[in-house]
Amino acid sequence: MGSNITRKLRARWRGLALGMAAVLTLLTSCGLYDIYADLPLVEPDRHDVLAPYEAADWPRYLKRLELPRARNYVIVSFLPTNYPLDLSDPVKAQRSFLKAALSPGMDTKIGHTIIGWQCGAHQGMTSMSGANGPQVFQLLREGWGFVAALSTYTDGKLYPEGAHRIANLEGIERGRAIVTATEVSSAECEALRQALTRFVTHPKQPVRNFGLMLAPERFEGGGCISFGFYLANAAGVMRDVTPTLRREVPLYAAMLGSGGAELAGVRHYRPPPGCCARPVALEDLLFKPWARGPVVDRVRVEDGELVIAAMVAARVGVAPADDWRFDRVLARSDPSIARAWTAGAHFASRYPVRRIADAGGVAALVLERR
């Protein structure tokens with residue numbers, strides 16, 4: 001009997017660790033792919049740099065928007081987590097992380113950001129992912145604590161047009177995402193394609209680096225949010241919104257630890273000297289208050305809840321009042337949420353035409369210049 005109880009407890013803790021690994025490393029909704037789409041090639045003879053991102057068929061959710069082919073568009077699709085990850089203070093953050101870690105199924109923990117484009121004859125899409133290997137679990141098990149969330153993982157990759165995660169594509173198609181298609185000029189659309197080409201071919205190989213604090217525009221690498229908005233910004237889309245999508249997070253000594261030798265394939269976040277030299281037990285990370293001891297550092301990380309606020313604010317006055325997306329936004333009493341909301345509303349107000357495409361499915365906001 002005793003051995004059975006022990007096995008059950010170990011299984012429970014292993015499940016908690018896996019859940020926490022998903023939440024910690026994917027703070028901003030990126031990754032953990034399992035079953036992939038296999039969309040057919042529509043340009044099988046292409047071998048240029050952008051072929052992986054433009055030579056396959058567009059997924060159904062983009063086709064259903066029925067965007068006029070004579071116009072150019074950049075499409076940002078954000079699939080949020082089922083449960084908000086509220087980083088506004090350490091108590092709320094810990095509660096929301098614990099809820100996500102304890103919830104069944106991976107899709108309750110993570111979402112994704114996908115960037116698409118229609119530039120003349122070229123239709124494409126891509127997204128960035130990483131931290132999909134065992135290192136995250138190992139870091140947590142060995143006592144590194146939030147170092148797991150703040151480090152850079154060298155298994156980063158861009159997903160090609162025809163090989164995105166089926167669960168994400170189907171979720172977007174069923175209306176579980178926040179999708180915004182913005183009309184751009186031909187030159188702006190080409191600027192996006194050029195930015196993607198530079199990112200893929202840059203000698204620093206930024207495509208290999210996945211992390212929540214990296215700057216794609218400096219070719220450091222990126223997370224799925226920062227990379228998606230890097231490409232959108234290259235086309236002039238949401239440039240004023242992007243600075244509001246990172247949140248400053250205070251780090252307390254109790255959140256950070258050292259588990260011994262650093263892992264291969266991980267560029268460890270380094271706490272300030274003299275701090276956090278002991279391991280942090282997973283049980284302590286889950287259940288003991290994070291705001292113990294001094295604040296030892298402050299970092300700026302991608303925050304998916306800020307993306308939600310900005311993209312939903314753009315829908316005000318166009319989407320129906322009972323659109324679930326409005327309820328998904330965290331309280332604007334949080335200054336960071338308020339700033340993102342204001343930036344998103346201002347961005348959308350510059351377009352004379354705002355409409356909802358595929359209202360019964362994707363329910364995408366389409367912003368057009370005439």
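Residues checked against (1) under 26 Å from H112 (Cβ atoms); (2) surrounded by 15 or more Cβ atoms within 10 Å (Cβ to Cβ):
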{"residue": "C276", "(1), (2)": "no, yes"}
{"residue": "P279", "(1), (2)": "no, yes"}
{"residue": "F287", "(1), (2)": "no, no"}
{"residue": "W290", "(1), (2)": "no, yes"}
{"residue": "E305", "(1), (2)": "yes, yes"}
{"residue": "G317", "(1), (2)": "no, no"}
* Structure fact -> When restricted to D322, D327, D297, the only residue in a helix (DSSP H, G or I) and out of contact with any Asp or Glu (no Cβ under 8 Å at 6 or more places or on another chain) is D327
* Could you identify the single residue in A291, A277 that is of a type in the set (A, V, I, L, M), more than 30 Å from S103 (Cβ to Cβ) and touching a residue at least 12 places away in the same chain (Cβ under 8 Å)? => A277
* Looking at L212, is it in a loop (DSSP other than H, G, I, E, B) and under 29 Å from R267 (Cα atoms)? -> yes
* To do: For residues that are more than 21 Å from V200 (Cα to Cα), in contact with a strand residue (DSSP E or B) (Cβ under 9 Å, 6 or more places away or on another chain) and surrounded by fewer than 24 Cβ atoms within 10 Å (Cβ to Cβ), tally how many sit in the stretch 139-156.
  => 0
* Hey, can you tell me all the residues within the stretch 216-234 that are out of contact with any helix residue (DSSP H, G or I) (no Cβ under 7 Å at 6 or more places or on another chain) and modelled with pLDDT of 95 or more? => R218, G228, A232
* For the stretch 64-81, how many residues are under 17 Å from R165 (Cα atoms) and either surrounded by fewer than 19 Cβ atoms within 10 Å (Cβ to Cβ) or at pLDDT below 95 (or both)? -> 3
* State whether the residues of the stretch 217-230 include one that is of a type in the set (V, I, T), in contact (Cβ under 8 Å) with a residue 24 or more places away in the chain and buried (at least 18 other Cβ atoms within 10 Å of the Cβ). => yes
* To do: Confirm whether S258 is part of a loop (DSSP other than H, G, I, E, B), in contact with a Lys or Arg (Cβ under 7 Å, 6 or more places away or on another chain) and either surrounded by 15 or more Cβ atoms within 10 Å (Cβ to Cβ) or in contact (Cβ under 8 Å) with a residue 60 or more places away in the chain (or both).
  => yes
* Asked: Does the stretch 222-231 contain at least one residue that is touching a strand residue (DSSP E or B) at 6+ places or on another chain (Cβ under 8 Å), of a type outside the set (S, T, N, Q) and farther than 30 Å from D323 by Cα?
  -> yes
* Just to be sure, is A187 part of a strand (DSSP E or B) and of a type in the set (G, A, S)? -> no
* Asked: So, in the stretch 163-190, of the ones that are surrounded by 21 or more Cβ atoms within 10 Å (Cβ to Cβ) and over 19 Å from the mean Cα position of the chain (by Cα), which residue ends up nearest to G360 (Cα to Cα)?
  -> T182
* Any idea how many residues of the stretch 195-205 are within 22 Å of the chain's Cα centre (by Cα), touching a residue at least 24 places away in the same chain (Cβ under 8 Å) and either in a loop (DSSP other than H, G, I, E, B) or over 30 Å from D358 (Cα atoms) (or both)? -> 3
* Asked: Hey, among A338, A291, A359, which residue is of a type in the set (G, A, S), modelled with pLDDT under 95 and on the phi < 0 side of the Ramachandran plot?
  -> A291
* Asked: What number of residues within the stretch 205-215 satisfy the criterion of being surrounded by fewer than 18 Cβ atoms within 10 Å (Cβ to Cβ) and out of contact with any helix residue (DSSP H, G or I) (no Cβ under 9 Å at 6 or more places or on another chain)?
  -> 2
* Asked: Can you name the condition, by its number, that Y159 falls short on among (1) among the aromatic types (F, W, Y); (2) farther than 26 Å from Y36 by Cα; (3) surrounded by fewer than 24 Cβ atoms within 10 Å (Cβ to Cβ)?
  -> (2)
* To do: Name the single residue, out of those in the stretch 337-370 being among the charged types (D, E, K, R) and more than 20 Å from the chain's Cα centre (by Cα), that is surrounded by the fewest Cβ atoms within 10 Å (Cβ to Cβ).
  => R370
* Looking at (1) assigned to a loop (DSSP other than H, G, I, E, B); (2) in contact with a helix residue (DSSP H, G or I) (Cβ under 6 Å, 6 or more places away or on another chain); (3) surrounded by 15 or more Cβ atoms within 10 Å (Cβ to Cβ), which is the only condition V237 fails? -> (2)
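The values are calculated or read from the model by the stated rules, or taken from the named source; none is laboratory data. Owing to the predicted nature of the structure, the values given are computational and were not obtained by experimental measurement. Here the Cβ is made from the backbone with ideal geometry for all residues, glycine too, and neighbour counts use every protein chain on show.
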